[in-house]
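In what follows, a structure is listed as structure tokens, so that the remarks can point back to it.
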Amino acid sequence: FTEMVEIIFAHKGILDKYIGDAIMAVFGAPLGGPEDADHAMSVACAMIGALKRINETRLGRGQHGIEIGVGLSTGEVVAGNIGSPKRMDYTVIGDHVNLSSRLEGATKYYGTPIVFSEFTFEKLIKPGRHRELDLIRVKGKNRPVAIYDTFDYADEDMFPQIAEVMGVFAEGLRAFRARRWRQAIEAFEQVRAIAPWDEPSRLYLDRCTYYRQTPPDDDWDGVWTMESK
């Protein structure tokens, strides 16, 4: 917690609260700015970099490594002192708070440490190595949301041939949504040959294999519904 909170503060974030073993941070409250999404992304990537160093120390002591997931979303929220007359806290509430929490949980499903919404992607100013992961429908909402992950926390030593992975994955995603299952499978298999660690490609290979055997309905829109929170 100590190292992660210092990263939040270094990028103009606000520590909102601890929720069990999680940290909730806010950017742009009470006063927003054009770089809020970039600051949040910088924090997410710096956290993953810090975790690598922490785990190297832990493993050197014979301890288990720690894994974390970071979910980001950007949009209007209600900010202020919220609670009861006996207990008030400055915090934020709203759909984007809930969505960011869902995306943090989605990191386990997609096997990638950072997942962020299209709303954050649209607000980013700095160029980055981001890729669209999926169209999802979260529990309690009807409108699908595009979600992304990023390789900005990684270097070539960690993940070689990142640019090629991103390009071939995007080809596979387009084929998947067009119901060209064989072409999609070939693309995702190519990604896995380059990067066996790429868990999203494995997920799409499973989906393509299933849909090839059990074609979706004519009104299928390529959206993945997340049943869990």
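The values are calculated or read from the model by the stated rules, or taken from the named source; none is laboratory data. As the structure is a computational prediction, the values presented were derived from the model and not from experiment. Please note: Cβ atoms are built from the backbone with ideal geometry, for glycine as well, and neighbour counts cover all protein chains shown. To get the accessible areas, we keep the full protein, side chains included, count just its heavy atoms, and leave off ligands, DNA and RNA. Shrake-Rupley method; radii C 1.70, N 1.55, O 1.52, S 1.80 Å.
The set of residues from region 64-96 being touching a residue at least 40 places away in the same chain (Cβ under 8 Å), surrounded by 16 or more Cβ atoms within 10 Å (Cβ to Cβ) and more than 16 Å from ASP134 (Cβ to Cβ) comprises ILE68, VAL70, THR74, VAL77, ALA79, THR91, VAL92. Of the helices (runs of 4 or more DSSP H) entirely within region 99-211, those holding at least 1 residues that are farther than 26 Å from GLY32 by Cβ and either open to solvent by 70 Å² or more (accessible area, probe 1.4 Å) or touching a residue at least 40 places away in the same chain (Cβ under 8 Å) (or both) occupy 162-177, 181-194.
For region 1-22, filtered to residues that are assigned to a strand (DSSP E or B) and among the aliphatic types (A, V, I, L, M), the residue that is nearest to ALA50 (Cα to Cα) is ALA22.
Residues that are at pLDDT 95 or above and of a type in the set (S, T, N, Q) do occur in region 188-202, at least one of them.
PRO215 fulfils the conditions (1) modelled with pLDDT of 90 or more; (2) of a type outside the set (Val, Ile, Thr); (3) under 24 Å from GLY140 (Cα atoms); (4) in a loop (DSSP other than H, G, I, E, B) except for a single criterion, (3). Within the span defined as region 11-19, one or more residues are out of contact with any Phe, Trp or Tyr (no Cβ under 8 Å at 6 or more places or on another chain) and of a type in the set (A, V, I, L, M, F, W, C). Residues that are in contact with a Leu (Cβ under 8 Å, 6 or more places away or on another chain), hydrophobic (A, V, I, L, M, F, W, C), within 20 Å of THR107 (Cβ to Cβ) and not in a loop (DSSP other than H, G, I, E, B) do occur in region 64-75, at least one of them. Take GLY33 and decide whether it is part of a loop (DSSP other than H, G, I, E, B), at negative phi and either surrounded by 15 or more Cβ atoms within 10 Å (Cβ to Cβ) or free of Cβ contacts under 8 Å to residues at least 40 places away in the same chain (or both). Taking the combined requirement at face value, the residue satisfies it.
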